[in-house]
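Have a look at the structure below before the remarks.
What follows is calculated from the coordinates using simple rules that are stated; it is not laboratory data. Computed from a prediction, not measured in an experiment: that's the story for all the values here. Note that we place each Cβ from the backbone using ideal geometry, even for glycine, and neighbour counts take in every protein chain shown.
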Amino acid sequence: MTGTGSGSGTGSTSIVIRIEMTKDLVTFGQIATAIGDAGGDVVAIDVAQSSKAKTIRDITVQVSDHQQSDHVVSAVSKLEGIQVIHVSDQTFLIHLGGKIEIMPKVPIKNRDDLSRVYTPGVARVCMAIHEDPKKAYTLTIKRNTVAVVSDGSAVLGLGNIGPEAAMPVMEGKAMLFKQMADVDAFPICLDTQSTEEIIQIVKALAPTFGGINLEDISSPRCFEIEQRLIEELNIPVFHDDQHGTAVVLLAGLLNAVKVVGKELNRCKVVVCGIGAAGIACTKMLLAAGVVNIVGVDREGAIVRGASYSNSAWQWYADHTNPERLNGTLGDVISGADIFIGLSGPKVLGVEDVKKMAQDPIVFAMANPTPEISPEEAEPYVRVMATGRSDYPNQINNVLCFPGLFRGVLDCRASRITEEMKLAAASAIASVVSDEELNEYYIIPSVFNQMVVEKVREAVISAAYQSGVARRNKGWEVAKEVAVLSSSGEFA
Ligand SMILES: NC(=O)c1ccc[n+]([C@@H]2O[C@H](COP(=O)([O-])OP(=O)(O)OC[C@H]3O[C@@H](n4cnc5c(N)ncnc54)[C@H](O)[C@@H]3O)[C@@H](O)[C@H]2O)c1
Ligand SMILES: O=C(O)C[C@H](O)C(=O)O
Ligand SMILES: [Mg+2]
């Protein structure tokens, strides 16, 4: 099993320490010795600024993990005549200045080009769209562009960290959309957590976009925001943490139960974290025929027959926990075949896992730190999965949203139906063949190029069957469509 389990690291890395040294008090030799003694390797030294008395230097140091990085920085800062200005690691460096940019498709080389892409030529195009707004799909970025909208209220498992702090995740999603499925996605983080304001803002933004991907908006507000936008907009709206997660979860579970030789609909499933993702995953499992699902949140099990002020939890109580189990996670997990974690870090103990039924399946999907680390759980589980990239079996909505939106944009679906989501789940599961299937390979890699293509095809086919595809049938049959459509032929 790979991975550091440290919560955010991915093994050997380099850090850049910016220091100010007072020349009379310390030599570079002393600094290099201190770094070496703390276990780091000096890889490069750059002088950022120099005066007679002081120098500012960037020292690049190879370290094995974050702990060693802390040792190295602490050793350097203890030296007389040194002031550590800041420390960057590769993860921070990759974020410098943000992770995406906008590039023109054609260069503007001369006045002639200028007068076409901009005024006066552009005016004719504007008027063509004014006369027929559908032409926005052929003559603007709308056909291939998705808004990734967050209010920063439930960012990964980090909680309500606000819109600025949510941006790196949304930029990351935009990168994935583009790299995996050639969808242009734009991150939009809103400085409001008012349900009504978010709805109005997204509605006002909609003309620019072919689809809306809502991201990291906490429950229960996310349900109303998504539902209202689905009803009030004519482009597809998809809350990724709900449905993307549910699609990938179902794909992973379909394969995991094959590995352990159980039938999904006979399994006892405990879901921890009854928020956006937990509720959507539960709905997907109920639709797949699972009966015995018990939900647990901070206050313990959600019990059938009890009353809840949170309407989403009331729905949950009415549709799950047929045995009316009560108590903590530790109580209700006894005899469970499957644990699904969509809550926060380190919620599940080894003692809890030991109480599960034979051949337990544990999907600890909280990001970035799962409910239990694979290292701790592995001796007691048969199939282990997390949401992270650095362990086997990554159950993450990135397996869904790029291919799903590729399909939705290509067939110009007006909405995303249950059939389309189920089709996407089966498509993802089908990428792993029976010969390949084993405990450590229940779900295809994010980098498996078949995933996007299979999800796209399945989604398009289901969109036509559901009657929500708005492009003439027949378009989809030709693979050359991508080329033709970019010239506007199939508008
Ligand atoms: N792997 C994936 O693809 C994926 C997708 C979506 C969400 N997630 C993860 O799932 C988690 C929840 O995301 P969300 O969007 O549903 O957020 P959310 O805020 O809507 O819901 C989180 C729920 O978990 C509960 N919770 C938090 N700590 C808990 C604890 N210690 N014990 C029990 N319940 C607890 C909260 O009360 C809340 O009801 C996050 O960690 C997120 O990173 C993973
Ligand atoms: O962002 C991810 O990695 C998955 C998911 O959307 C999450 O919120 O954790
Ligand atoms: Mg998310």
Worksheet item: How much mean residue ellipticity at 222 nm does the chain get from its helices, if each DSSP H run of length 4 or more adds -39500 (n - 2.57) and you divide by all residues, to the nearest 500 deg cm²/dmol?
Response: -11000 deg cm²/dmol
Worksheet item: In region 111-235, with Lys and Arg counted as +1 and Asp and Glu as -1 at Cβ, which of these residues, 193, 148, 121, has the Cα nearest the positive end of the dipole, that is, farthest along it?
Response: 121
Worksheet item: Rounded to a whole number of µm²/s, how large is the Stokes-Einstein D of the chain at 25 °C and 0.890 mPa s, given Rh as the Kirkwood radius over C-alpha pairs?
Response: 98
Discussion item. Can you give the local net charge around residue 304? Use residues other than it whose beta-carbon is closer than 11 angstrom to its beta-carbon, Lys and Arg +1, Asp and Glu -1.
Written reply: -1
Worksheet entry | Cα centroid of region 276-352 to Cα centroid of region 150-227, whole Å | 26
Discussion item. Checking the cross-link filter: which lysines have an alpha carbon closer than 20 Å to that of residue 178, excluding same-chain neighbours under 8 positions apart?
Written reply: 99, 105, 142, 454, 479
Response to the item:
Per its Cα gyration tensor (rounded if a/c is under 1.5, else prolate when a/b beats b/c, else oblate), region 250-491 is best filed as prolate
Worksheet item: Using a ≥ b ≥ c from the Cα gyration tensor of region 348-436 (square roots of the eigenvalues), is it rounded, prolate or oblate, where a/c under 1.5 gives rounded and otherwise the larger of a/b and b/c decides, a/b for prolate?
Response: prolate
Item to complete: Please pull out the direction-averaged projected area of region 173-313, using the convex hull of its alpha-carbon atoms, in nm² to one decimal place.
Response: 10.5
Worksheet entry | Loop-exposed GluC sites (Glu not before Pro) per DSSP, neighbour cap 12 Cβ within 10 angstrom, longest uninterrupted part of the chain | 102-262
Fill in: Dipole of region 39-180 [Lys/Arg +1, Asp/Glu -1 at C-beta], most positive-end residue of 172, 83, 47
172
Practice prompt. Report the charge-dipole magnitude of the chain in Debye, nearest 20, computed about the Cα centre from +1 at each Lys and Arg Cβ and -1 at each Asp and Glu Cβ.
Written response: 1260
Worksheet, complete the sentence: The long-range amide H neighbours of residue 295, using H built 1.01 Å from N in the peptide plane and a cut-off of under 5 Å, are 271, 302, 321
Worksheet item: Cα-Cα pairs above 14 Å in region 140-214: how many percent?
Response: 59
Item to complete: Report the equivalent ellipsoid semi-axes for region 13-94 in whole Å, largest first, defined as the square roots of five times the eigenvalues of the gyration tensor built from alpha carbon atoms.
Response: 20, 14, 10
